[in-house]
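The structure under discussion appears below in the form of structure tokens.
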Amino acid sequence: MTQAEIDALLRTAFTQCDEKGCPLDDRQKQILAQVAESFLDLAAIAPTDNPLDALTDDQRQALLQFVVAQEEQGIRWRATLLNDWLRGQDSGSVQFIRDQYGPQWLNQVTDAHINQALNRDDASRHLHVGDRIEVSNRLWEWVQEGTSCDETWFPCTVVNLSTLPMDSPSAEPSLTSIVRFENGMEYEIQGMTEWNAYNWRWPEG
């Protein structure tokens, strides 16, 4: 996450606090900004290797089984872990993550790392509302590499998902997503797992 992305996220959080009738004072905003910057500093010095390599074989297997089980229930595995930690609840087979590695290590683990460990394509993981992804400007403009109209990737959040049945019974349903960019604008993307599969990706870091 870049400094600009952190700033945008903080502005959104401050606005939501105002709208909920719980505005933050300048000191509280300053503290939150300092904490966010510390996470950015940690990411800057973090190793670029897959953080899953730090796990033992048994730990890696336990984590991947946990991830798959959560996905099959339509639950975001990272949110489950963080909720356990906030409530002081035991996380079962993946309790070792909190005990031995902590939130800083967890913050380094991306969907790409998990997919790599599971030997599956990034697009094979089901999208959920709330997922962070990146989309290419190829979706709305002509892109010609090596020119001023080169490909650019924009971070956004999935805010709506819908599927349409295909004509053939054996074909996968067509997935349509609405994403929201950091400036608040929304964009509808059809054929997320078909003709537009190459125009979005999971964040690389």
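The values are calculated or read from the model by the stated rules, or taken from the named source; none is laboratory data. For clarity, every value in this text was computed on a predicted model and none was experimentally measured. Virtual Cβ from ideal backbone geometry, glycine too; neighbours counted across all protein chains shown. Protein only, heavy atoms only, side chains kept; ligands, DNA and RNA dropped before computing areas. Shrake-Rupley method; radii C 1.70, N 1.55, O 1.52, S 1.80 Å.
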Mind checking which residues of segment 143-195 are at pLDDT 75 or above, open to solvent by 80 Å² or more (accessible area, probe 1.4 Å) and either in a strand (DSSP E or B) or within 21 Å of residue 126 (Cβ to Cβ) (or both)? 163, 180, 186, 188, 190, 195
Take residue 62 and decide whether it is assigned to a helix (DSSP H, G or I) and at pLDDT 85 or above. yes
State the number of residues belonging to segment 67-89 that are at pLDDT below 80 and not in a loop (DSSP other than H, G, I, E, B). 2
Of 65, 59, 100, the only residue that is open to solvent by 60 Å² or more (accessible area, probe 1.4 Å), in contact (Cβ under 8 Å) with a residue 24 or more places away in the chain and of a type in the set (S, T, N, Q) is 65
Can you tell me which condition residue 129 does not meet? The list is (1) open to solvent by 60 Å² or more (accessible area, probe 1.4 Å); (2) modelled with pLDDT under 85, and all the others hold. (2)
